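Trainee: To start, I am sharing the structure in question, which I have written as structure tokens.
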Amino acid sequence: MILNKKFFQRPVKTVAEDLLGKYLVRRFADGRTLAEMVTEVEIYDGPEDRASHACQIGTDKRRRNNKGKTKRTAPMFEAGGIFYIYLCYGMYQMLNIVVGEKDYPAAILIRATRETKGPGRLTRKFAIDKSLNTKSALRGTGLWFEDRKEELAPQKIVRAPRTGVDYAGEIWKNKKYKFFLKT
């Protein structure tokens with residue numbers, strides 16, 4: 001079953017936990033399909049989250065992209081169910097799914113699947129690029145999520161601090177906003 005927009009228009013922490021164990025599916029132009037189970041995600045939750053591109057609090061000279069709503073971050077302010085894709089370190093596309101209600105900037109970074117570890121490796125393998133930015137996570141775009149009814153025991157879900165967000169300050173860098181499946 002393909003996850004619809006309603007699935008993503010819920011609170012970010014709820015969606016993050018529920019997204020674990022679901023499948024990221026890509027249909028390529030030649031008709032091939034690739035599907036892998038999502039095993040690790042990170043959340044970015046609202047305008048006060050200092051690790052988020054959509055942070056609207058103050059300015060940080062080391063973090064030039066924390067400017068609230070800009071042309072780049074506008075997808076994060078849309079209603080859940082669309083992709084937010086950006087270039088990291090000038091070389092890696094990062095796949096995020098926007099979640100929650102319109103005008104509340106929240107997104108989930110897809111960090112790993114069972115077969116592919118690392119968000120940059122994942123986007124390369126799935127041929128994800130900026131052409132998918134702002135597109136809906138539906139079959140028609142060629143990239144979507146499916147629920148294949150695999151049951152996960154709640155104790156298999158682990159929460160930890162996000163990766164690489166030391167710039168966000170003591171409080172935000174230590175929030176347990178990374179969710180992953182214990183192997």
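Readers should treat all values here as calculations from the given coordinates under stated rules, not as data from a laboratory. Note that the coordinates shown come from a computational prediction; the quantities given were computed from them, not determined experimentally. Don't worry about glycine lacking a Cβ; one is built from the backbone with ideal geometry, like all the others, and counts go over all protein chains shown.
Trainee: Under 10 Å, Cα contacts only: if you run a Gaussian network model on the chain, which one of Glu115, Glu146, Glu40 comes out with the highest mean-square fluctuation?
Mentor: Its mean-square fluctuation being the largest, the pick is Glu115.
Trainee: Find, among the chymotrypsin sites (Phe, Trp or Tyr not before Pro) in segment 74-183, those assigned to loop by DSSP (not H, G, I, E, B) with at most 14 other beta-carbon atoms within 10 angstrom.
Mentor: Tyr89
Trainee: Loop by DSSP (not H, G, I, E, B), at most 12 other beta-carbon atoms within 10 Å: where is the longest site-free stretch of the chain for trypsin sites (Lys or Arg not before Pro)?
Mentor: 103-147
Trainee: Oh, and also: Top mean-square fluctuation among Leu132, Leu20, Leu95, Gaussian network model of the chain, C-alpha springs under 10 Å?
Mentor: Between Leu132, Leu20, Leu95, it is Leu132 that shows the largest mean-square fluctuation.
Trainee: Cβ under 14 Å from Lys135's Cβ, Lys135 left aside: what net charge do those residues give with Lys, Arg +1 and Asp, Glu -1?
Mentor: Working: positive: Lys5, Arg26, Arg27, Lys130, Arg139; negative: Glu78, Asp129.
Spelling it out: positives minus negatives among the neighbours equals +3.
Trainee: Here's a follow-up. Sticking with the crude label model, points 7 Å out along Cα→Cβ, report the distance from Glu48 to Thr33 in nm, one decimal please.
Mentor: 4.3 nm
Trainee: Give, as a single signed number, the net charge of other residues whose beta carbon lies under 11 Å from the beta carbon of Gly164, with Lys and Arg counted +1 and Asp and Glu -1.
Mentor: Residues near Gly164 contribute +2 overall.
Trainee: Follow-up. Distance in nm between label sites at Asp147 and Lys182, each 7 Å beyond Cα in the beta-carbon direction?
Mentor: Each label point is offset 7 Å from its Cα along the Cβ direction, giving 2.5 nm.
Trainee: Specify, per residue and in Å³, the volume enclosed by the convex hull of the alpha carbon atoms belonging to the chain. Could the numbers behind the result be given before it?
Mentor: Values: hull volume 20.4 nm³, N = 183.
Per residue, the Cα convex hull of the chain comes to 112 Å³.
Trainee: So for the pair Lys69, Lys173, with labels modelled 7 Å out along Cα→Cβ, what separation do we get in nm?
Mentor: Going from the Lys69 label point to the Lys173 one covers 3.1 nm.
Trainee: Still on this structure, please answer the following. So if each residue of separation counts as 0.36 nm, and I subtract the Cα-Cα distance between Lys5 and Arg139, what length gain in nm does that give?
Mentor: Extra length available between Lys5 and Arg139 comes to 47.0 nm.
Trainee: Given springs between every Cα pair under 10 Å in a Gaussian network model of the chain, which of Thr73, Thr33, Thr123 has the largest fluctuation?
Mentor: Thr33
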